[in-house]
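Q: The structure's right below; bear with me while I get my questions together.
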Amino acid sequence: MSVIYVLLTISIIIAIVFFIGFIKAVKSGQYDDDYTPSVRMLFEDELVKTKPNKTINKTKV
Amino acid sequence: MKQTTCFHCGDLCQSKHIIYQEKDFCCNGCKTVYEIFSENDLTCYYDLQQTPGATPQDIEGKYDFLEDEIIIEKLTEFNDGKHQIASLTIPHIHCSSCIWILENLNKLNPNITASQVNFGKKTVRITYKTEAFSLKEAVLLLSKIGYEPYISLEDFSTGKSKVNRSLIYKLGVAGFAFGNVMFLSFPEYFEVNEFWLEQYKIVFRWLMFTFSLPVVFYAAQDYFISAYKGLKSKLLNIDIPIALGILVLFIRSTAEIVLNIGTGFFDSLTGLVFFLLLGKYFQQRTYNFLSFERDYKSYFPIAVTKIYKGEEKPIQVYDIKKGDRLLIRNEELIPVDGILINGNANIDYSFVTGESEAVKKASGDKLFAGGKQTSGSIEIEALNAVEQSYLTQLWSNDVFNKNKEDGFTTLTNTISKRFTIIVLSIAVVATTFWLFVDATKALNVFTSVLIIACPCAIALSAPFTLGNLLRIFGKLKFYLKNASVIEQLAKIDTIIFDKTGTITSNKKTKTTYRGSKLTPNEEILLTSTLRHSNHPLSRSLYKLLQQNNIESLDYFEEHLGEGIYGKTQNESIKIGSAKYVGQLQPETELSTAVHISTNNTYKGKFTFYNAYRKGISKLFNQLKTNYDLAILSGDNASELNNLKKLLPSKTKLIFNQKPNDKLEYIKHHQNNGANVLMIGDGLNDAGALAQSNVGIAISENINVFSPACDAILDASKFNQLYHYIKASKTAIKIIKWSFVFSFFYNAIGLYFAITGQLMPVIAAILMPLSSISIVVFTTIATNILGQKLK
């Protein structure tokens, strides 16, 4: 069997994998809200940063 | 006096100024929220954004109805006995602090397992354990921290709505196929007669065929459906030549590979569908947080308290029967027409009329549905069921079931009518010519013409121009329901305004004083006394007079619904209604006034006027040359003289219009051939907004209330209206120019088609080139237009 069939099969399978990934992403609602996640990801740092600050404030008082 | 603002909500700290932990708070409510947050290590809330909060409202007993199983079932998305998931709309969501605090609700109560905010829709989706927690407690918790959810009758009737994502799927399918087909069709374009290419081209061709199948039968199906509908109703819409083009492309390409005479046009076919869907997607830009379809249901509560044999019991609004005794608490909406039994009724009908001034009622008076009680609890007896109320009956009018888009031919469809006829005749003429000259080429020419004439570029002009302008308008706080509103707006010749709340502002009222002059001492006494009262009139008068010093009173008394009394060592003041202050002369004017007497002698009165919005005279003068202007007001004619001074002389002023009169007035004008733009705000304009060609709702706060309409305009941008209409007209010109471009491309393509030289590679170049250049042209042109607007 010619190598071209193998290459074609691989390329199409990869394309289909990405396509299925896209469909799944849409189905799970990822495209419904395109603003909140962009803000949410910035909060992870804030939480860690404020915790030590708080304890310092408390000891002062 | 130094002005301090509240650390929590940013309002001015006035009479109830509190200092707690070196921070200023305007009231106890705001301080409590701060306490809750600081106890739970959540003060980060104030770091993300300055003064993000809202003052929590008193909600005692308001959400008792959330204990009802049927109501819980309707409001939750998921319920398995142990966990419940509910999505709640919270109008206050406005910044990143809001997202942060609402997604950390589990820190305030461990029974909440997850909460997720959708900022665009202003909703929070809460998952909680039902063992030790309930929907009611969740709502109470949210209210306690200043995020009171908004639960209306609308949530009840629609239930769980499904999101329609089919366009994204179709776009995905078309894009996927387009990419792969391009990739597969490339080798043959170079026409190198290599051995392996010759050997395997059959495989490549059939693979392309396979990829194009989902595009034609799934992604493009809307075009076939629309074309079929168009033909059925004898309308040559733009989808007919498109559907024809797709069909011919597919059949001819399939025939070519079956007969092994060529590669076919699969790349052009998939590319065409992909670009067309992209245009559709671009135009489908919607504002999640706004609703353009509101009727009374989104204003009305789900449940109301019924008094039955001395017991208070929450019942669903739809279950109210004639004769039921209902308890309306402070700040609650009256859901049905009723008779006031007892209590101090002070009804704010601003949802209905746009008039913010509350109306006093006495026992035995009739109360209309839609009013909001503003001073304490009242008891009423229902006169009829919800659907038969005076206000809700307006919605039984036919206009609310009509789709405005149906009766409107878009510019694209107007063009396509001629375009289709011309293309078909060219195809026929060219084919007959070739039948005589070289019959073998005739079929080739016929299909080529239909393929190349497929109006991809024309079909893209309007979506990209209007879609882009829609987003520009959105940034400028003018929110349109859909793109066709822009086209309708460009055709307007008559503009009708509502008065109260539309050309007047709700917030600022103007006042003038008439009577004997007050001494400086009396003025100080007046402001000091006003400061103690929470009555809306006292508040606005206090704000208007604020330049004075404040002194402390020895005695203060408030008589609900009558007036206030203040006393210092040697002076006393009475502020309130004419009767209360001892003015015996009957009222001659129709406007609202506050009377004043000091030491029991009558002094004078402050008369309130509606303040007109900034730039109103200028706006009307800009509009008067091109448009017929009219003002339709539900109020009495007390403002007639003011308006006459303010507005151009030919403006028609009509007063005392009931909701239905407004609708009929617009209908009458439309029957005379006018294209009417109605601008209103309250529910009483709902009929007129629906009847007009374009209905714009003016809103002081776009997140809260606006009746069903085609567009929502932020009140602060009201004076820009003229420029917005002008921009819509320019957009139409841009579309027309891009039509010219598309015809140019079509002419080039037709030359190849008619002469029988159309190669797949030419189609493959011409199709994307025309589409992309149109997209670029319209985008640049509308952006320049947008720049001018700012």
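Q: What is the antiparallel percent of DSSP beta bridges lying wholly in the protein assembly as shown, to the nearest 5? Write out the running numbers ahead of the final one.
A: Numbers: 76 of 96 bridges.
Of the beta bridges lying entirely in the protein assembly as shown, close to 80 percent run antiparallel.
Q: Over the heavy atoms of B:Phe224, what accessible area does a 1.4 Å probe trace out, to the nearest 10 Å²?
A: B:Phe224 has an accessible surface of roughly 60 Å² with all protein chains in place.
Q: Quick one: if the Förster radius is 60 Å, what FRET efficiency do B:Lys491 and B:Ile18 give, using the C-beta to C-beta distance and rounding to 0.05?
A: With R0 = 60 Å, the Cβ-Cβ based efficiency is 0.60.
Q: State the antiparallel share, in %, of DSSP beta bridges confined to chain B, rounding to the nearest 5.
A: Working: 76 of 96 bridges.
Here the share of antiparallel DSSP bridges comes out near 80 percent.
Q: List the pair-distance distribution P(r) of segment B:172-256, using every Cα-Cα distance, as the percent of pairs falling in each 10 Å bin from 0 up to the bin containing the longest distance, rounded to whole percents.
A: For segment B:172-256, the pair-distance distribution reads 16, 39, 27, 13, 4, 0.
Q: Which length gain, in nm to one decimal place, applies between B:Thr755 and B:Phe436 when the Cα-Cα distance is subtracted from 0.36 nm times their residue separation?
A: Difference between extended and current length: 113.5 nm.
Q: At 1.4 Å probe radius, can you tell me the per residue accessible area of segment B:64-158 in Å²?
A: 40 Å²
Q: If I take every Cα pair under 8 Å that is 6 or more residues apart in segment B:64-158, average their sequence separation and divide by the length, what percent do I get for the relative contact order?
A: Value for segment B:64-158: 31 percent.
Q: Which value in nm describes the separation of the simple spin-label points at A:Tyr35 and B:Ile307, placed 7 Å from the Cα toward the beta carbon?
A: Distance between label points: 4.4 nm.
Q: Using a Förster radius of 45 Å, what is the FRET efficiency between A:Leu42 and B:Thr210 based on their Cβ-Cβ separation? Nearest 0.05, please.
A: 0.50
Q: Right, next: Measure up B:Lys297/B:Lys717; B:Lys499/B:Lys543; B:Lys122/B:Lys477; B:Lys477/B:Lys658; B:Lys122/B:Lys790; B:Lys417/B:Lys736 against 21 Å on the Cα-Cα distance and list the ones that go over.
A: Listed pairs above 21 Å: B:Lys297/B:Lys717; B:Lys499/B:Lys543; B:Lys477/B:Lys658; B:Lys122/B:Lys790.
Q: Compute, for B:His559, the solvent-accessible surface of its heavy atoms (probe 1.4 Å) with the complete set of protein chains present, and express it in square angstrom to the nearest 10.
A: 70 Å²
Q: Starting from the Cα of B:Glu131, step 7 Å toward the Cβ, then list every residue of segment B:46-87 with an amide N under 16 Å from that point.
A: B:80-84
Q: While we're looking at this one, here's another question. Roughly how big is the A-B contact, given as buried accessible area in Å² (both sides, 1.4 Å probe, nearest 100)?
A: In total, this chain pair buries about 2600 Å².
Q: For segment B:215-257, take N as its residue count and report Rg(C-alpha) divided by 2.2 N^0.38 Å.
A: This ratio for segment B:215-257 stands at 1.21.
Q: Here is a follow-up. Provide the gained length on full extension for the span B:Ser377 to B:Lys736, in nm with one decimal, where the gain is 0.36 nm per separating residue minus the Cα-Cα distance.
A: Residue separation times 0.36 nm, minus the Cα-Cα distance, leaves 123.2 nm.
Q: Let me ask something else. What does the extension gain come out to for B:Ser166 and B:Ala747, with contour length at 0.36 nm per residue minus their alpha carbon separation?
A: 205.7 nm
Q: How large is log10 I(q)/I(0) at q = 0.05, 0.06, 0.11 Å⁻¹ when the Debye formula is applied to the Cα atoms of chain B, each weighted equally and without solvent?
A: -0.37, -0.52, -1.31
Q: Where does the protein assembly as shown land at 222 nm, in deg cm²/dmol rounded to the nearest 500, when only DSSP H runs of n ≥ 4 count, each adding -39500 (n - 2.57), divided by all residues?
A: -14500 deg cm²/dmol
Q: On the first, second and third principal axes, largest extent first, how far apart are the outermost C-alpha atoms of the protein assembly as shown in Å?
A: Principal-axis extents of the Cα atoms in the protein assembly as shown, largest first: 113, 71, 54 Å.
Q: Label B:Ile339 and B:Lys360 with points 7 Å out from Cα along Cα→Cβ: what is the distance between them in nm?
A: Rounded to a tenth, the inter-label distance reads 2.3 nm.
Q: Can I ask one more? Filter chain B for me: DSSP H helices, axial length by Cα at least 18 angstrom, mean Kyte-Doolittle hydropathy not below 0.5. List them by residue number.
A: B:166-189, B:195-214, B:239-258, B:266-283, B:411-437, B:439-452, B:456-475, B:721-754, B:760-789
Q: Only residues of segment B:751-780 count here: report those whose backbone N is under 15 Å from the spot 7 Å along Cα→Cβ of B:Leu197, or say none.
A: B:760-762
Q: Using the alpha-carbon centroid of each, what span in Å lies between segment B:239-279 and segment B:751-790?
A: 18 Å
Q: Radius of gyration and Dmax for segment B:64-158's Cα atoms, expressed in Å?
A: According to the Cα coordinates of segment B:64-158, Rg and Dmax are 12.4, 34 Å.
The values are calculated or read from the model by the stated rules, or taken from the named source; none is laboratory data. Note that the structure is a prediction, hence the values are computed from the model and not measured. Note that each Cβ is placed from the backbone with ideal geometry, even for glycine, and that neighbours are counted across all protein chains shown. We work out accessible area using only protein heavy atoms, side chains counted, and drop any ligands, DNA or RNA first. Shrake-Rupley method; radii C 1.70, N 1.55, O 1.52, S 1.80 Å.
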